[in-house]
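Notes to accompany the following structure.
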Amino acid sequence: MSKHSIQPHGHHERGHDNTGHDHGSYRSYLTGFVLAAILTIIPFAIVMSGGFESRVLTAATVIAFAVVQILVHMVYFLHMNTRSDEGWTMLSMIFTIIVVVIMIAGSIWVMYNLNTNMMPTMDHESFQGFGS
């Protein structure tokens, strides 16, 4: 066997290692970055412009963009798909979605209860002497 017929370990098909896992390409990372940037800029612009007439619609829109951005990160940066690792990647994706739903629902529940149970008629003038 000649030394020219042996390929070093670093010369595999671009974007794949010897296990067949897709590690992405420059184009897929760039696509993921552009999508993530767009999915950040749009809700930021909505909130900074004062939002929609309904605060609930504004919050729902921002949450929807956040969920889509999580999916973009999972697909383009974590390379989760349905065809690799004998289904373990899909199981990881399902678990991630469940955790995200629990976190979002819990955060909304806590913020709603804090907003509802705050003392709206609190006298702030009586606390001015404490800090000075």
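Derivation of every value follows stated rules applied to the coordinates shown; laboratory data play no part. Not measured: the values here are computed from a predicted model.
Given region 26-118, what whole percent of its Cα pairs are spread farther than 21 Å?
Numbers: 2010 of 4278 pairs.
Every Cα pair in region 26-118 considered, those over 21 Å come to 47 percent.
Gain on full extension, evaluated as 0.36 nm per residue between Ile41 and Glu53 minus their Cα-Cα distance, stands at 2.4 nm.
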